[in-house]
Structure formats: structure tokens, C-alpha cells
Number of protein chains: 2
Amino acid sequence: MMFKKVAIIGVGLMGGSLALAVKKKKLARHVIGCGRSRKNLKIALNRKLLDKATTDIAEAVENADLIILCTPVQTLKKQLHEVIHYAPDGALVMDVGSTKEAIVREADRIFPSRLSFVGAHPLCGTENSGAANAIADLYTGALCILTPGKASRGALPHARHFWKSIGMRVGKLDPLFHDRILAASSHLPQLVSYALMRAIVGPGGVTAGEITRFSGKGLGDMTRLALSPAEIWSDIAIENGKNIVPLLKKIAKDLNLLAERITKHQKVNLRQYFEASSRIKQRM
Amino acid sequence: MMFKKVAIIGVGLMGGSLALAVKKKKLARHVIGCGRSRKNLKIALNRKLLDKATTDIAEAVENADLIILCTPVQTLKKQLHEVIHYAPDGALVMDVGSTKEAIVREADRIFPSRLSFVGAHPLCGTENSGAANAIADLYTGALCILTPGKASRGALPHARHFWKSIGMRVGKLDPLFHDRILAASSHLPQLVSYALMRAIVGPGGVTAGEITRFSGKGLGDMTRLALSPAEIWSDIAIENGKNIVPLLKKIAKDLNLLAERITKHQKVNLRQYFEASSRIKQRM
């Protein structure tokens, strides 16, 4: 057993799947989950994702040697304050948040030397949410980006070992660089998917039924992310606004440019724009 | 045999796959393909998609009882003029273009009574192109939307029977309505995919390598369409500009609105926007 007690704060898709993976790989003697919703915790217990559930962070982190925050990023930044208050000496604290700069900065600012914090971002997930949708192999084979800071102290190898033990590949990035990359590779696509779904259905557009009947795989793929939980993404959007906003403005400008080129029948310009896009995709 | 000679004008992914399906289902005694590129035609012959290949439309349509135009939509609109000049009495002419209003209007205007035209839009395809990528079951199980006009005369049942024979489900739409729906369900998502790929990689963004390393399934799905052939899509964009441009402006406005809400930390408004999008997707 790698840990005596693992505390999972936030038992949604990410936290619930992580708890399940920890139990399945026998990495802890005891897994406790902490959440707001008693209904969701009950589902988690019934599905045997957890050994125990509580709505109280103090109870969850008591005697835990590993604490992982799996709540929306703005919530988890606040919860760090509670966690450091109740966590026992020597505990390793991690998170699975999709933004890293503000979280790591906060941990560096407030963590006492008796605890260590390693920011982590496992690049996995589905558009579903809640303990009901947790799956044991969600993390398997995916990349986990670690973003150590001052508060990581000597805990990075231990953190790396944990994520490898649940089957992940492990990489390392500076938290600032992480947020800049992920704004492009994940956060912008997510917001575009939400906006696309709204642009095509509704006033001035067509009905959901018409769209369903007369669309192919392309639209399904482009709007799959629109199912993702709004609460998680409003937090991410605000936490990483610095990097996301310029990209939103860039794509909005390009879409207006395309509208102009179409209106002016600038076929050659349009074709060149599309070709340049295809060349980038080919390099990926 | 349903037909003596089928002429496929444009032997790319769509035309090549259609030729292959016609041969596989034994719907014609003879399949001839017509294209600009001798190299591509050679590939088509080597892959046995065709019985014969030519670069000459007159030769292709001579004695053909079924002629199907599979070229980019602006090209095929022009080719209708050549086709009606050389096609034998009684021939059925169809197309597989992704826009229908202008094509059907042109056919209605120019077709002599000795020929019939039925506009068709098979909702299938991949992001690949050329005869090299043609596949026999591209059309199987997908929906083919027929958009008959005045020039269809009595040929609609015959057309329907053909597409059913190659394994498609067949629907019918008014050409104007078709273009309005497809602008939303297919054309806008395609243009957004091109623009997304360009927004995230390049000046102010990140490199293709970084993106590849640090992205998940979401980005791959959202940019898959960016591989689609530029020539086909510049034609579609201009042909259906009337319906596409308002949607482009609508989504651009929304993306700017999201940028503003993020900048102003309007978390509740953001969440409501995302939730409304999820609800639409759930109805699909």
C-alpha cells in the first residue's frame, strides 16, 4: 500500500474515477470522499468508489497522507485554506484542476513547510459528470501534467510515482506555460463548442430536431463538448481568462473575416485560408 | 442492371466511392469517370473504381443513361451546360453537391425537356480526398437528401431507387430549406473547425507540436474537419453565403461576448450561457 488514507475532495467524474482507480490498484488502505451533495456521495458509496463519504473537509483530510482536490478550480483554490488547516504533518496535497497558475501561486503563498503541494492536470475526462459516470480506467494511458512550485518541496518524485501507478504517462510543465498551452489545446475548443451549439440552433437558426435529422458525424464531434458541466467551465474560463480572452478575440475576428470574404466572393482568399488551416492540422 | 452506362464527373472521394458502389452493387454495365487530373484518374483505374476514364466530358456522357456530377459546387453548376449539350435523350442527371438552391435553379433554367435533373446531397464523406481514398461503403446507411425541381420531371422515383440501391436512406427537402439547414448542420461547423485550427496554432498561440503533445480527444474531434479539401469548401461557402454569413456573424458575436464576460468575471452569466448550450445538445 502506497498510502494509508487517501482523501478525494470532490467526487464527480474526475474524483470518483480517481477514487475507483486508487482502490482498484490497491494504492491505499482507505479512500474517503468529500462532497457537498449527499445524493452524489450516496451514489459513490453504492458504486463502491469510496470506503467512506463525508460532507466535512476536516473529517476527510484528518490523518490522510494523500489529499487530492477534484472540485471546480475556483472552489479548490479556496479549499486549499481549509485543507492546510486540518491536514496532518507530511501530507501530500495535489489537485486535478485544468488551470494551474493561480492554484500553484496560492499554494506557494499559503502552504506551511510541514505539507507539500504538487499541482497536477490529468488530460482525461468525458463530457459526462458526477459519481454516477465515474469509470475505473478514465486515467489509464492519458498524460498527467505536473506543475510543481515552491510548495512542492521534495514531493515531486512521490507525486510522479502516484500518477504512474494509476496508469498515466507523466509530464512536467511550468504552471504559466501550462495555462498558455491549455488555453489553446483545451479551453478555447470547449468554449467554441458551446458557442457553436448555440449559433446553429435557436432564433435565426434551425430546430434541434432538424439538426439531428440532417447532420453527420462532423457536427456531432464539434458539439460533443457542449455537454460538459457548465460550473467547471465557468471557473476555468475565469481562472485562465488572461490566456483565453485573446484567443476568443482572435477566432471571432477570423470568423468575421471569413464572413466578409464570402460576401465579397473572394474565393481565392477563402481557399488559401482553408489550405493554411489544413496544413496546420496535417502537422499535428 | 439498372443502367447501361453511368458517367461520374469528378472522381474524388465522393465520385470515386460512388463509382465503386455502383460497380459493387452491379447497377451499371459500364462506369466511366471524368476528371481533370490524369494522375488521379490513373489511381481510380488502378483501384478498379472505373471501367474507363477520360478528361473529356463529351466522351463521358455520350450514351450515358445516368450522369452524376461530383465536382465542387461552383464547377458543377458550370458543367451542367456541357452535360446537357452532350447527354443522350432520356438521361437522368444528378449531382452530390453540398448546396442545392443555385444548382437546382440553374438546372430548372437550362435543362431541355428531353433530360431530367434531380439534385441530391448524400450526407456522407470523410476529411480525406481523391480517388486514392475512395471507399465502397462510404454511402452505406447514410441519408441522401433529394431536392427535386422543375427539371426533375417524372424522374424522382427513379432517382430515389438508385440511392436506395447503393444502400442509402432517402429524404426529400425543398432546395432553399436544404441550404438553410445545412448551413447550420454542416457548413458553419466546417468553417469553425478551419478557424479554430488557425486560432490556436501560430502567432500569439502555440506550436503544432505543443498542441499535439498536450491535447486530448476534444481538440482532435474539433479540428478533424480542418483536413477537408479547401477547394470544395471555398465553393460551398460562396454558394451558400446567404445562409452561412449570418451564422458566422452570430457565433463571432457570441465569442466576443464570452470574452467580455470572462474579462468582467461574470461567472453566473457564463454558467448560464454554457448551461443553455448543454440543454440544446441534450435535445439532439
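No lab work stands behind these numbers, since they all come straight from the coordinates. Because the structure is predicted, anything quoted here is derived from the model rather than measured. Every residue, glycine as well, gets a Cβ built from its backbone with ideal geometry; the counts of neighbours run over all protein chains shown.
Overview of values
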read-out	value
Tail fraction, Cα-Cα pairs, the stretch A:100-207, threshold 23 Å, whole percent	44 percent
Axial C-alpha extent at least 27 Å, average Kyte-Doolittle at least 0.0 - helices from chain A (DSSP)	A:241-263
Rough spin-label spacing in nm, given labels placed 7 Å along Cα→Cβ, for residue A:51 and residue A:114	2.3 nm
More than 17 Å apart - percent of Cα-Cα pairs taken over the stretch B:1-52	22 percent
Top of A:125, A:205, A:15 by mean-square fluctuation, Gaussian network on chain A, Cα under 10 Å	A:205
Percentage relative contact order, the stretch B:1-107, counting C-alpha pairs under 8 Å, at least six apart	28 percent
Selected from B:97, B:167, B:220 as most flexible by GNM, with chain B as the system and alpha-carbon contacts under 10 Å	B:220
Label spacing, shortest first and in nm, from residue A:161 to its equivalents in the remaining copies (7 angstrom along Cα→Cβ)	7.5
Dipole of the protein assembly as shown, positive end: most advanced residue of A:263, B:50, A:67 [Cβ charges, Cα centre]	B:50
For the stretch A:122-134, 3J(HN,Hα) per residue [Karplus equation, 6.51 cos²θ - 1.76 cosθ + 1.60, θ = phi - 60°, Hz, x = Gly/Pro]	x, 7, 8, x, 9, 7, 8, 8, x, 4, 4, 9, 4
Kirkwood hydrodynamic radius of chain B, Cα pairs, Å	20.4 Å
Kirkwood-type radius of the protein assembly as shown, with distances r between different C-alpha atoms, in Å	25.8 Å
Shielding score for B:262-275, defined as the mean number of other chain Cβ atoms within 10 Å	6
Radius of gyration and maximum dimension Dmax of the stretch A:1-146, Cα, Å	13.8, 39
Positive-end extreme of charge dipole, the stretch A:3-173 - chosen from A:80, A:167, A:112 (charges on Cβ)	A:167
Separation of alpha-carbon centers, the stretch A:11-69 and the stretch A:105-148, rounded to whole Å	14 Å
Rg over Rh [alpha-carbon atoms, Kirkwood Rh] for the stretch A:177-283	0.99
Ascending count of other beta-carbon atoms within 10 Å, so fewest first, for A:124, B:34	A:124, B:34
DSSP-defined beta bridges in the protein assembly as shown - what % are antiparallel, rounded to 5	15 percent
Cleavage-rule hits, trypsin sites (Lys or Arg not before Pro), the stretch A:71-176, DSSP coil, Cβ neighbours within 10 Å at most 16	A:114, A:153
Computed helical MRE - 222 nm, the protein assembly as shown, DSSP H runs ≥ 4 contributing -39500 (n - 2.57), nearest 500	-15500 deg cm²/dmol
GNM top mover of B:90, B:202, B:141 - chain B, alpha-carbon springs below 10 Å	B:202
Sequence-distant residues sharing a close amide H with residue A:171 (under 5 Å, placed H)	A:144, A:145, A:146
Label distances, nm, residue B:263 versus same residue in remaining copies, Cβ-directed 7 Å point	2.2
Spacing of the two label points (7 Å from each Cα toward its C-beta) at residue B:283 and residue B:257, in nm	1.6 nm
